[in-house]
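Below: the structure, in structure tokens.
The values are calculated or read from the model by the stated rules, or taken from the named source; none is laboratory data. Note that the structure is a prediction, hence the values are computed from the model and not measured. Methodologically, a virtual Cβ is constructed for each residue, glycine included, from the backbone with ideal geometry; neighbour enumeration extends over all protein chains shown. Just the protein is used for accessible areas: all its heavy atoms, side chains included, with ligands, DNA and RNA removed. Shrake-Rupley method; radii C 1.70, N 1.55, O 1.52, S 1.80 Å.
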Amino acid sequence: MKEIPVLPVRDLVVFPRMMVPLFLSRDTGIDAVISLGQAAGRILVVTQKSPDTEEPRAGDCFPVGTICSVVRSVRLADGRLKVLVHGESRAKAGDWSAQHRARPTLLPEAPLAGEDQIEAEALSRSIIDNLDKVVQLGRNLSPDILMTFEGLAPEQIPDALGAQVGFPVPDAQRLLEAPSTLDRLRVAAELLSRESDILGVKAEIETQAKDELSRSQREFFLREQIRAIRTELGEGEDRPPDVAELAGKLEKAGLTEEARTEADKQLKRLEQMHPESAEATIIKTYLDWMVDLPWSKTTEDRVDIPAARRILDEDHYGLPKVKQRILEFLGVSKLKGSLRGPILCFVGPPGVGKTSLGKSIARAVGREFVRISLGGMKDEAEIRGHRRTYVGAMPGRILQGLKQAGVRNPVFMLDEIDKIGNDFRGDPASALLEVLDPQQNKEFSDHYLSVNFDLSDVLFIATANQLDTVPPALRDRMEVIEISGYSEEEKLRIAKQYLLPRQLEENGVSEANLQLTDSALRGLIEHYTRESGLRNLEREIASVCRKVALKVAEEKGERYRVSAGNLEKYLGVHKYEPLEESEGDEVGVATGLAWTPYGGEMLYVEAQFNPSKRGGISLTGQLGDVMKESVHAALSYVRTRTNFGIAADFFDKHELHLHVPEGAIPKDGPSAGITMAAAIVSAATGRPVRKRIAMTGEITLRGRVLPVGGVREKLLAANRMGINRVLVPKANVKDLGELPRSLRQAMEIIPVETTEQVLEEVLLPPVTGPGAASKPPARKRPSSRAKTPARAGWDQPRAKRSPASS
């Protein structure tokens, strides 16, 4: 065949016997048509693989196209050329020249015969049947098209189908390129069958959507009719009863503007839903919470300072610092006219009355009291609530507590704030940062409500046994008030005024049936309890009351007098002894004091030197890193001093074994330094250590005694153990003013600055020891003892790294 122009077109496949107008805007296409002249000529129309190609080459177009005759060409006003072409035959383009000219190869169609003719007839009928379905399913095809296809020969059907139906370009090109008539019929049948299936599925989807819409519209119209009927009957209700009831409650709930907007939105959604649907139940629950929350309900504060002081004294004995801080808070609130203040955090050992203090504060100011326990909480949603998309969603514990209180300004106690955990569900301590910040909790956002709630009028009080586990950012938002343990005298008065009357009433015993003498109460405190708080003491008093109640119920007597002499008859043998009387002053054993989250404890340090060729140190008793460093510091100090009478080569020939009993309990902290130094010197020189002198203080390499924390708790522990002489660093003297007067009078507190002063106080005259020289030099220095001044001070213990911190 001779060379003819090639015309690439976009998004269109031209078939034989197809009349189609083309609009040409590219110069190459316009030039190809103009080159034919005024007479009708032929041109090869091919389809581009990508419509975005502006200057297509042979590789950018499909290899098979259609040879068309140009029927007419008209130049338009915008410069484009409108060309009307008529498809004649399929042809393979081959390679083009740079001038878009090619010698195409015709693709003739062989005549059908035999079985091929029968299959072609069957395919033709299948195509016409599927075409009928496509027309009925709304393919935007005229029904008259079927009449056109009924008169076509099988070899003409694929071209007519490609021209009329308008398949996508890849499918249409596949239909054009099929080599034989039978192949083209098979492709046409496949494409039309798939089109029929797609239209069928589409019609089914549209029918389902229409049915659902019709059902919703029908329900809407029926509900509108019901409302109209009720209005005509004069019932005055244009809403379902449950929706109308919720609307009335929302009117009276005093919601904020933001909350009311959200509630009205949800109420409108509820009106349009079926009452039994799951979504309607969720919205009803949400609106019930909106109604029940105290958006505007408050209690009037009773800022009566004398009455508050009386209530605090009635409920709690002692605790002057805590009571003073509460009264100061009330005084400021009275002058300002509003009861907003800092977040208080009571820190102290168990059983000292932290939780009951919160109840007393609520009673003193006339507010409701709410308490939630944070111990073991690991889910952030416990604070902020769950989003309503979850099954069983509900608000957090903060809003639940406010709903329980019924007012928006209760005294809200966050108990055990130091025992919050965290895991993959979030960090509740971080969620509390917003709750406990007065600058942020005005707009507290709960995930369930999704609107802001004002917490600024809530008086939050937190409690903790220790502050180590509280994140610094959370600790910074609270004012920490230390509540130490009670002395023996304080416990005695609390037992007489509070614990004993309460247990008599709870066990049905009157004062006429039981007389518990002061000596019996002291025996309970000294021999049956060893704690900073009062819980075990109250349990022991309750045990005595129960045994008396049993005897009275059995009519074995009407009055019983319990004293120190017959206390064992009711409670059994003593559980504790203040100090083991069978043991006297020993060599290498010193008495120290330790701080724990549950109060002060005694800490014995044992030192022993064993013969060794290389010396060295062996440490036992689960000592922490800081405590191990204190041992090395104490040993270095002792080795550099020559005035202790220790042979020069003693430490090279002996190994130091230092042990702290109760090895199952971890111990750490620097304040056992002077205790270790005393035990080491005692073991090396053979001088016994006075057992009834306890000590605490950090040691330096130069022998200086540095201040430590937890002095009050340590002194209370010494008092419980029957020790009345304690050595403390001189820098801690200012911290002793908080001690009760009874404790200051009962104990002799000796301030020390150097380790030599410590050794002079605690070491007895030397006896034969493993490291003693022939004549150790005697040193006599005046003892520096001081009465305890009444000063305020030490609140935060320094070392709190483990259950037992020296």
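Here are a few things to note about the model shown:
- Residue within region 256-273 that is touching a helix residue (DSSP H, G or I) at 6+ places or on another chain (Cβ under 9 Å), assigned to a loop (DSSP other than H, G, I, E, B) and buried (at least 20 other Cβ atoms within 10 Å of the Cβ) present: no
- Subset of region 286-334 that is out of contact with any strand residue (DSSP E or B) (no Cβ under 9 Å at 6 or more places or on another chain) and aromatic (Phe, Trp, Tyr) - its residue that is most open to solvent (accessible area, probe 1.4 Å): TYR317
- Subset of region 351-393 (residues that are crowded, with 22+ Cβ neighbours inside 10 Å and basic (Lys, Arg)): LYS354, ARG367, ARG384
- Test: residue in region 216-233 that is open to solvent by 40 Å² or more (accessible area, probe 1.4 Å) and either assigned to a loop (DSSP other than H, G, I, E, B) or modelled with pLDDT of 75 or more (or both): yes
- Filtered by the rule that a residue be open to solvent by less than 60 Å² (accessible area, probe 1.4 Å), touching a helix residue (DSSP H, G or I) at 6+ places or on another chain (Cβ under 6 Å) and not β-branched (Val, Ile, Thr), region 50-84 gives PHE62, LEU81.
- Close pairs (9 angstrom Cβ cut-off, 6 or more residues apart or separate chains): touching a residue at least 24 places away in the same chain (Cβ under 8 Å) in region 445-464, among the hydroxyl-bearing types (Ser, Thr, Tyr) and in a loop (DSSP other than H, G, I, E, B) anywhere: VAL451/THR256; ASN452/THR256; PHE453/THR256; ASP454/THR256; ASP457/THR298; ASP457/SER338
- Selection count, region 139-172, where residues are under 60 Å from the mean Cα position of the chain (by Cα) and charged (D, E, K, R): 2
- Residue selection: LEU433 fails the criterion of being more than 30 Å from GLU300 (Cβ to Cβ) and in contact with a Cys (Cβ under 9 Å, 6 or more places away or on another chain).
- Given (1) among the charged types (D, E, K, R); (2) outside any helix (DSSP H, G or I); (3) modelled with pLDDT of 85 or more, number of the condition ARG363 does not satisfy: (2)
- All positions within region 394-404 that are touching a Leu at 6+ places or on another chain (Cβ under 7 Å) and surrounded by fewer than 19 Cβ atoms within 10 Å (Cβ to Cβ): LYS403
- Residues of region 710-765 classified as small (Gly, Ala, Ser), surrounded by 17 or more Cβ atoms within 10 Å (Cβ to Cβ) and assigned to a helix (DSSP H, G or I), total: 2
- Residue-level check: of (1) of a type outside the set (Phe, Trp, Tyr); (2) in a helix (DSSP H, G or I); (3) at positive phi, SER356 misses just (3).
- Verdict on ALA520 being in a helix (DSSP H, G or I), out of contact with any Gly (no Cβ under 8 Å at 6 or more places or on another chain) and open to solvent by less than 40 Å² (accessible area, probe 1.4 Å): yes
- Test: residue in region 378-400 that is within 30 Å of GLU531 (Cβ to Cβ) and either assigned to a loop (DSSP other than H, G, I, E, B) or touching a residue at least 40 places away in the same chain (Cβ under 8 Å) (or both): yes
- Restricted to strands (runs of 3 or more DSSP E) entirely inside region 405-482, those with at least 2 residues that are touching a helix residue (DSSP H, G or I) at 6+ places or on another chain (Cβ under 9 Å) and open to solvent by 20 Å² or more (accessible area, probe 1.4 Å) are 478-482.
- Annotation note: of ARG302, ARG260, ARG310, the sole residue that is closer than 25 Å to ILE398 by Cβ and more than 36 Å from the chain's Cα centre (by Cα) is ARG302.
- Pair list, Cβ under 8 Å, 6 or more apart: region 621-649 residue farther than 17 Å from GLY697 by Cβ, other residue assigned to a strand (DSSP E or B) and among the basic types (Lys, Arg): GLY621/LYS667; GLN622/LYS667; LEU623/LYS667; GLY624/LYS667
- Selection over region 129-157 of residues that are touching a residue at least 40 places away in the same chain (Cβ under 8 Å), assigned to a helix (DSSP H, G or I) and in contact with a helix residue (DSSP H, G or I) (Cβ under 8 Å, 6 or more places away or on another chain) gives a count of 6.
- Odd one out for VAL332, checked against (1) closer than 30 Å to GLN497 by Cα; (2) without any contact (Cβ under 8 Å) to a residue 60 or more places away in the chain; (3) out of contact with any Phe, Trp or Tyr (no Cβ under 6 Å at 6 or more places or on another chain): (1)
- Condition check for LEU146: open to solvent by less than 40 Å² (accessible area, probe 1.4 Å) and aliphatic (A, V, I, L, M): yes
- When GLY337 is tested against (1) open to solvent by 50 Å² or more (accessible area, probe 1.4 Å); (2) touching a residue at least 60 places away in the same chain (Cβ under 8 Å); (3) more than 26 Å from TRP289 (Cβ to Cβ), only condition (2) is not met.
- Some residue of region 35-49 being farther than 24 Å from ILE157 by Cβ, open to solvent by 10 Å² or more (accessible area, probe 1.4 Å), of a type outside the set (A, V, I, L, M, F, W, C) and under 60 Å from the mean Cα position of the chain (by Cα): yes
- Filtered by the rule that a residue be touching a Lys or Arg at 6+ places or on another chain (Cβ under 9 Å) and among the hydroxyl-bearing types (Ser, Thr, Tyr), region 340-359 gives a lone residue, THR355.
- Among the residues examined, SER563 qualifies as open to solvent by 10 Å² or more (accessible area, probe 1.4 Å) and farther than 28 Å from PRO765 by Cα.
- So LEU635, is it buried (at least 16 other Cβ atoms within 10 Å of the Cβ), touching an Asp or Glu at 6+ places or on another chain (Cβ under 9 Å) and at pLDDT 90 or above: no
- Test for LYS491: is it over 18 Å from the mean Cα position of the chain (by Cα), buried (at least 21 other Cβ atoms within 10 Å of the Cβ) and part of a helix (DSSP H, G or I): yes
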